[in-house]
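First the structure, in the form of structure tokens, and then the observations on it.
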Amino acid sequence: MTDPSGTDTGSDIRTAATSTAAISTTDAGTTAPGELAGLTAIVTGGASGIGLATSRLLAARGARVAVLDLNADGLPEGLTGFTTDVTSRESVDAAVAAVAEWAGGIDIVINNAGVSAIGTVEANGDDDWRRVLDINVIGVARVSAAALPWLRRSAHAAIVNTCSVAASNGIPDRALYSASKGAVLALTYGMAVDHVRDGVRVNCVRPGTVDTPFVSNYLKRYDDPAAERAALDARQPTGRMVTPEEVAHAIAYLASPFASSTTGTALDVDGGLTTLRIRPLAT
Ligand SMILES: NC(=O)c1ccc[n+]([C@@H]2O[C@H](COP(=O)([O-])OP(=O)(O)OC[C@H]3O[C@@H](n4cnc5c(N)ncnc54)[C@H](O)[C@@H]3O)[C@@H](O)[C@H]2O)c1
């Protein structure tokens, strides 16, 4: 196989894509577990939380799944780990090349690796800003740039970024985190328009608070973690945090060939937090 840079990698050549392939009306009736059969997906941050739930779901639907994570050991059966640090261009380029070599191509990229940051603008110093933006924003750009030469060759190319409700709502004590996710939202639109004619769809999900290690770890920093957890549940109009599986299903939809006319979209998976205004419960 010749990779996009012209290097002969010795496997079969994939058909180059000139546009996103449409799903026919006959296909549209199927919601088969194998709807991603034959496709290869990269999931960054796929070893924990939302990324792990997404990796499992994509694999269950037939995709070959490569987990790119700082800690890619001990993954469940069916997932293949590639130890990667998304803050390092060298590490990302090597991992993406290794996935392409392993699978013979790349069709789907889920840019999900991310870290939290708590505090107002007074709480976070320059090192915090550099570290969080490096992971949450530049990480998306690095992985996407490395994968694009492969995605352009896929007939079903899709990128899904994990954004957050913090991109479009004022969440207290999340100045830096919100700025990072606002950038992910803008980057999603920017990448979507840049690559629509390459046949590469780019979308994002905006989860509300999701019950993952990301949340349980930062809850430990509060004096009363149980009270803070209850407040997070109560903030959602649905009265509870979102589950990683609920976000995974939204990501899997956007990544699927069934979403072939959906690009430049932010899908809220937030229990109604962004748009619903509910009356407080009577006490
Ligand atoms: N949990 C929430 O409430 C919530 C809400 C909205 C959006 N998000 C976003 O969802 C994504 C996943 O969050 P989660 O809650 O599943 O978190 P998590 O902490 O459970 O998982 C994050 C994963 O990213 C990996 N990671 C961190 N830095 C990395 C790096 N430099 N290189 C490679 N991998 C790295 C970690 O090892 C971990 O496996 C993040 O982008 C987060 O901002 C989370």
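The values are calculated or read from the model by the stated rules, or taken from the named source; none is laboratory data. Note that the coordinates shown come from a computational prediction; the quantities given were computed from them, not determined experimentally. Positions of Cβ are generated from backbone atoms using ideal geometry, with glycine treated the same way; all protein chains shown enter the neighbour counts.
For this structure, a couple of remarks:
- Matching residues in region 262-273 - criterion: being of a type in the set (V, I, T) and under 15 Å from M241 (Cβ atoms): V269
- Among the residues of region 117-130, those identified as within 15 Å of the ligand (Cβ to nearest atom) and either in a loop (DSSP other than H, G, I, E, B) or touching a residue at least 24 places away in the same chain (Cβ under 8 Å) (or both) are A117, I118, D128.
- Where strands (runs of 3 or more DSSP E) fall entirely within region 28-116, those with at least 1 residues that are free of Cβ contacts under 8 Å to residues at least 40 places away in the same chain, more than 13 Å from the chain's Cα centre (by Cα) and farther than 15 Å from G139 by Cβ are at 64-69, 79-83.
- Lone qualifier among V92, V99, V109 - being touching a Lys or Arg at 6+ places or on another chain (Cβ under 6 Å) and within 16 Å of the ligand (Cβ to nearest atom): V92
- Checklist (1) away from the ligand (no atom under 13 Å from the Cβ); (2) assigned to a helix (DSSP H, G or I); (3) of a type outside the set (K, R) applied to S154, failing item: (2)
- For first residues located in region 256-270 and closer than 13 Å to C204 by Cα and in a helix (DSSP H, G or I), partners that are at pLDDT 95 or above and β-branched (V, I, T) and lie 6+ apart or on another chain with Cβ distances below 9 Å form the pairs A259/T265.
- Checked against the criteria, R89 does not count as in contact with a Pro (Cβ under 6 Å, 6 or more places away or on another chain) and under 24 Å from L148 (Cβ atoms).
- Of all residues making up region 32-51, the number that are surrounded by fewer than 24 Cβ atoms within 10 Å (Cβ to Cβ) and within 16 Å of the ligand (Cβ to nearest atom): 3
- Residue pairs meeting the criteria (Cβ under 7 Å; at least 6 apart or on separate chains; first in a helix (DSSP H, G or I), in region 232-246; second among the charged types (D, E, K, R)): D233/R240
- Residues in region 188-224 that are modelled with pLDDT under 95 and touching an Asp or Glu at 6+ places or on another chain (Cβ under 7 Å): L219, Y222.
- Verdict on Y222 being more than 10 Å from the ligand (Cβ to nearest atom), among the hydroxyl-bearing types (S, T, Y) and either in a helix (DSSP H, G or I) or touching a Ser or Thr at 6+ places or on another chain (Cβ under 7 Å) (or both): no
- Scanning region 172-217 for residues that are surrounded by fewer than 16 Cβ atoms within 10 Å (Cβ to Cβ) and closer than 21 Å to A47 by Cα yields P213, S216, N217.
- Looking only at residues of region 197-215 that are out of contact with any Ser or Thr (no Cβ under 6 Å at 6 or more places or on another chain) and farther than 26 Å from S48 by Cα, we find that the one that is farthest from the ligand (Cβ to nearest atom) is R197.
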